[in-house]
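Novice: Submitted below is the structure of interest, expressed as structure tokens.
Bear in mind these aren't lab numbers, they're just calculated from the coordinates by the rules spelled out. Treat the numbers as computed from the prediction; the structure is a model and nothing was measured. Quick reminder, even Gly has a Cβ in these numbers, built from the backbone with ideal geometry, and neighbours come from all protein chains shown.
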Amino acid sequence: MHAHAMAPVNFAVFETIILLLGAGALLLYPSAIFLSNKKHRKWPYSRYIFWFSGISAATAALTGPLFEMSHENFTAHMAGHLLLGMLAPLLLVFSKPMTLLMRTLNVSAARRLSRVLNSRYGQFISNPLIASVLNIGGLYLIYKTDLFTMMHSSLWLFALVHLHVLLAGYLFTISVVYIDLTPHRYSFMYRSVILILALGFHKILSKLIYAEPPQSVSRQEGETGALLMYYGGDLIDFCLIIILCHQWYRASATKRDRSSQSYHIS
């Protein structure tokens with residue numbers, strides 16, 4: 001049982017806003033597809049499945065039964081963390097929202113967005129190292145400081161923290177696996193090293209939570225939640241590893257084919 005249960009916050013308005021935002025996101029994507037198809041070749045509707053799944057995962061973490069349980073049960077909270085910060089970003093990346101947005105905008109607006117993405121700030125935060133610090137470092141602040149208890153006593157702080165979890169998870173995902181538009185591309189070796197380090201620090205954090213749960217969480221719930229974080233995160237991390245290795249293999253195979261063709265021509 002969380003200690004913050006003694007000072008409950010009314011999250012009904014928050015849930016309503018999240019449901020409206022989720023419904024709006026589910027409607028905007030097919031609208032963008034409709035506009036995009038007028039000017040470009042048809043957008044694969046299969047990507048809407050990824051978008052629908054990603055938005056649904058994020059919404060499920062912040063509304064409904066799981067959300068209600070997360071205020072009192074740390075294991076439920078951690079399940080929401082996995083949905084919001086890991087699974088939802090991975091699914092959303094496969095829907096390629098930035099590519100679809102660029103196809104939907106007019107030329108001048110697309111150029112302005114491109115300048116923002118390619119700005120120094122855009123390249124800075126899309127660096128895998130910076131993205132991993134924002135993602136994993138943010139989790140250390142949540143679970144190893146008083147922030148976890150504080151955010152359940154302030155609606156605005158709660159909203160900001162969970163917005164950060166989603167955006168940081170998405171930013172980290174797009175910085176490691178290149179599926180959607182990326183401002184600056186880094187080598188496979190560099191991204192692999194950062195991914196390994198990030199996974200290591202994520203596992204260390206789960207062990208620290210297991211050994212010493214947040215102040216407002218009982219030891220039993222802390223241990224169960226930490227185990228879910230450790231092994232549940234493994235499943236999504238494994239998907240990232242497979243995707244990155246597959247992309248690396250394809251890039252290497254393409255490079256070998258080009259070299260072979262060049263050799264035969266010579």
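Novice: Between Val9 and Arg185, what is the FRET efficiency for a Förster distance of 35 Å, r being their Cβ-Cβ separation, to the nearest 0.05? All intermediate terms of the calculation are to be shown ahead of the outcome.
Specialist: Working: r = 43 Å, r/R0 = 1.22.
Efficiency, from the Cβ-Cβ distance: 0.25.
Novice: Count the net charge of all other residues whose Cβ sits under 14 Å from the Cβ of Gln215, scoring Lys and Arg as +1 and Asp and Glu as -1. Mind showing how you got there, number by number?
Specialist: Values: positive: Lys144, Arg219; negative: Asp146, Glu212, Glu221.
Net charge in that neighbourhood comes out at -1.
Novice: Right, next: Farthest toward the dipole's positive end in the chain, which of Ser216, Ile243, Tyr143, given Cβ charges of +1 (Lys, Arg) and -1 (Asp, Glu) about the Cα centre?
Specialist: Among Ser216, Ile243, Tyr143, the one farthest towards the positive end of the dipole of the chain is Ile243.
Novice: Place +1 on the Cβ of every Lys and Arg and -1 on the Cβ of every Asp and Glu in the chain, take the dipole about the Cα centre, and give the residue among Leu87, Ser70, Ser36 whose Cα lies farthest towards its positive end.
Specialist: Result: Ser36, furthest along the dipole toward the positive end.
Novice: Tell me, what is the FRET efficiency for His71 and Tyr231 to the nearest 0.05, using R0 = 25 angstrom and their Cβ-Cβ distance as r?
Specialist: Working: r = 23 Å, r/R0 = 0.94.
Computed FRET efficiency for His71 and Tyr231: 0.60.
Novice: Run the numbers for Ala211 and Ser154: contour at 0.36 nm per residue of separation, minus the present Cα-Cα distance, in nm.
Specialist: Gain in length upon complete extension: 17.8 nm.
Novice: Quick query: amide H of Val177 versus all other amide H atoms, modeled in the peptide plane; which residues come in under 5 Å with a sequence gap of 5 or more or a different chain?
Specialist: none
Novice: May I ask you to sort Ile125, Ile209 by Cβ crowding, counting other Cβ atoms within 10 Å and putting the fewest first?
Specialist: Working: Ile125 15, Ile209 24.
Result, fewest neighbours first: Ile125, Ile209.
Novice: Starting at the first residue of region 47-64, write each ³J(HN,Hα) from the Karplus equation 6.51 cos²θ - 1.76 cosθ + 1.60 with θ = phi - 60°, in whole Hz, x for Gly and Pro.
Specialist: Running phi through 6.51 cos²θ - 1.76 cosθ + 1.60 with θ = phi - 60° gives 5, 5, 4, 5, 4, 4, 5, x, 5, 5, 5, 5, 5, 5, 6, 10, 9, x Hz.
Novice: Taking just the alpha carbons, could you work out the radius of gyration and Dmax for region 1-147, both in angstroms?
Specialist: 18.3, 56
Novice: I've got another one for you. When a footprinting reagent is the concern and you count Cβ atoms within 10 Å, what order do His184, His77, His202, His164 take, fewest first? Provide the component values of the computation, followed by the final result.
Specialist: Working: His184 12, His77 24, His202 20, His164 17.
The order, fewest Cβ neighbours first, is His184, His164, His202, His77.
Novice: How large is the helix-only mean residue ellipticity at 222 nm for the chain, computed as the sum of -39500 (n - 2.57) over DSSP H runs with n ≥ 4, divided by its residue count, in deg cm²/dmol to the nearest 500?
Specialist: After summing the helix terms and dividing by residue count, I get -26000 deg cm²/dmol.
Novice: Please give me the summed charge of the neighbours of Thr75: other residues whose Cβ is under 12 Å from its Cβ, Lys and Arg +1, Asp and Glu -1.
Specialist: Values: positive: none; negative: Glu72, Glu221, Glu223.
So the environment of Thr75 carries a net charge of -3.
Novice: I need the calculated FRET efficiency for the pair Ser119 and Thr99, taking r as the beta carbon distance and R₀ as 30 Å, to the nearest 0.05. Working shown, then result.
Specialist: Working: r = 18 Å, r/R0 = 0.62.
The pair Ser119/Thr99 has a calculated efficiency of 0.95.
Novice: Related question: ³J(HN,Hα) across region 109-116 via Karplus (A = 6.51, B = -1.76, C = 1.60, θ = phi - 60°), whole Hz, x for Gly/Pro?
Specialist: 3J(HN,Hα) across region 109-116, in whole Hz: 5, 5, 5, 5, 5, 4, 5, 5.
Novice: Going by Cα centres, region 19-92 and region 178-195 are how many Å apart?
Specialist: Between the Cα centres of region 19-92 and region 178-195 lies a distance of 24 Å.
Novice: Taking θ as phi - 60°, what are the ³J(HN,Hα) couplings along region 233-241 by the Karplus curve (6.51, -1.76, 1.60), each to the nearest whole Hz, with x for Gly and Pro?
Specialist: Computed from phi, the couplings for region 233-241 are x, 4, 4, 6, 4, 4, 4, 4, 4 Hz.
Novice: Still on this structure, I have one more. Principal axes first, then extents: for the Cα atoms of region 3-259, list largest minus smallest coordinate on each axis, whole Å, largest first.
Specialist: Principal extents (largest minus smallest coordinate, Cα): 60, 40, 32 Å.
Novice: Based on other C-beta atoms within 10 Å, arrange Phe94, Phe52, Phe34 from fewest to most. Working shown, then result.
Specialist: Values: Phe94 19, Phe52 16, Phe34 11.
Ordered from fewest to most neighbouring Cβ atoms within 10 Å, Phe94, Phe52, Phe34 come out as Phe34, Phe52, Phe94.
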